[in-house]
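One structure is given here, and the rest of the page talks about it.
The values are calculated or read from the model by the stated rules, or taken from the named source; none is laboratory data. No experiment lies behind these values; they were computed from the predicted model shown. With ideal geometry, Cβ positions are generated from the backbone for all residues, glycine too; neighbour counts draw on all protein chains shown. Accessible surface is based on the protein model in full, side chains and every heavy atom, while ligands, DNA and RNA are left aside. Shrake-Rupley method; radii C 1.70, N 1.55, O 1.52, S 1.80 Å.
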Amino acid sequence: NVNGKKSVESMHRELGKIMWDNCGMSRNKKDLESAIEQIQLLKKDFWNNVFVPGKDDELNLELEKAGRVADFIELGELMIRDALDRNESCGGHFREEYQTAENEALRNDKDFAFVSAWEHNPDIKKSKLHKEKLDFKEVKLTSRSYK
């Protein structure tokens, strides 16, 4: 019923660009904070300017896709908030502020040896972080080196 002017596909692409440019493999605090602002604007635009052709009382694949994109927007914001919360470089994700003098990833296993499990809240910024501690018995945690 919004009858906006933007297709679901175009908004999906906007979301992808925000994520790729700001929350990809290399990231930094400034870009992550900017991405939260961008994604909040996208969410507002989605609910006020999306166009979904067809009817809601019959099979409508575009309406299904719109529902998935709405979920992806929320998931994207949560992923960005999680990346912003993690003050280290680890795995395939490199926080530019956390690197060695030789530009290698700087891990912080003391504070971040856990899996983030976020409890859903309709207001994403009020989502609750649950930490599932990682306990390694057979493997020693080490920093990856690309030298």
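Just one of (1) touching a Leu at 6+ places or on another chain (Cβ under 7 Å); (2) at positive phi fails for F114. It is (2). Of all residues in the stretch 82-94, those being open to solvent by less than 60 Å² (accessible area, probe 1.4 Å) and part of a helix (DSSP H, G or I) number 3.
Out of all the residues in the stretch 34-52, which are surrounded by fewer than 16 Cβ atoms within 10 Å (Cβ to Cβ) and assigned to a helix (DSSP H, G or I)?
The first filter runs over the stretch 34-52 and keeps only residues surrounded by fewer than 16 Cβ atoms within 10 Å (Cβ to Cβ), leaving 34, 37, 40-41, 44-45, 47-49, 51.
Matches in the stretch 34-52: S34, E37, Q40, L41, K44, D45, W47, N48, N49.
Are any residues in the stretch 118-147 among the hydroxyl-bearing types (S, T, Y) and farther than 19 Å from I80 by Cα, and if so, which ones? Listed by number, the residues that qualify are T142, S143, S145, Y146. Taken over the stretch 90-117, residues that are closer than 19 Å to E33 by Cα and either hydrophobic (A, V, I, L, M, F, W, C) or over 16 Å from the mean Cα position of the chain (by Cα) (or both) amount to 4.
Out of all the residues in the stretch 95-118, which are more than 17 Å from L141 (Cα to Cα) and open to solvent by less than 60 Å² (accessible area, probe 1.4 Å)? R95, S116, A117 - these are the residues of the stretch 95-118 that are more than 17 Å from L141 (Cα to Cα) and open to solvent by less than 60 Å² (accessible area, probe 1.4 Å).
Of all residue pairs spaced 6 or more apart or on separate chains, those with beta-carbon atoms under 7 Å, a first member in the stretch 101-122 that is in contact (Cβ under 8 Å) with a residue 24 or more places away in the chain and farther than 19 Å from D71 by Cα and a second member that is part of a loop (DSSP other than H, G, I, E, B) and charged (D, E, K, R) are A105/R144; L106/E88; R107/E88; F112/R86; F112/E88.
One residue stands out in the stretch 1-33 among those that are within 19 Å of Y98 (Cα to Cα), assigned to a helix (DSSP H, G or I) and not aliphatic (A, V, I, L, M): the one that is most open to solvent (accessible area, probe 1.4 Å), namely K30. The residues of the stretch 123-146 that are outside any loop (DSSP other than H, G, I, E, B) and touching a residue at least 40 places away in the same chain (Cβ under 8 Å), listed by number, are I124, K125, L129. Evaluated against (1) more than 27 Å from A70 (Cα to Cα); (2) at pLDDT below 90, H93 falls short on exactly one condition, (1). Listed by first and then second residue, the pairs linking a residue in the stretch 71-100 that is touching a residue at least 24 places away in the same chain (Cβ under 8 Å) to a residue that is open to solvent by 40 Å² or more (accessible area, probe 1.4 Å) and acidic (D, E), with Cβ atoms under 9 Å apart and 6 or more places separating them unless they lie on different chains, are I80/E33; L84/E33; N87/E97; N87/D111; E88/D109; E88/D111; E96/D31.
Among the residues of the stretch 53-79, the ones that are touching a Lys or Arg at 6+ places or on another chain (Cβ under 9 Å) and either charged (D, E, K, R) or open to solvent by 40 Å² or more (accessible area, probe 1.4 Å) (or both) come to 3 in all.
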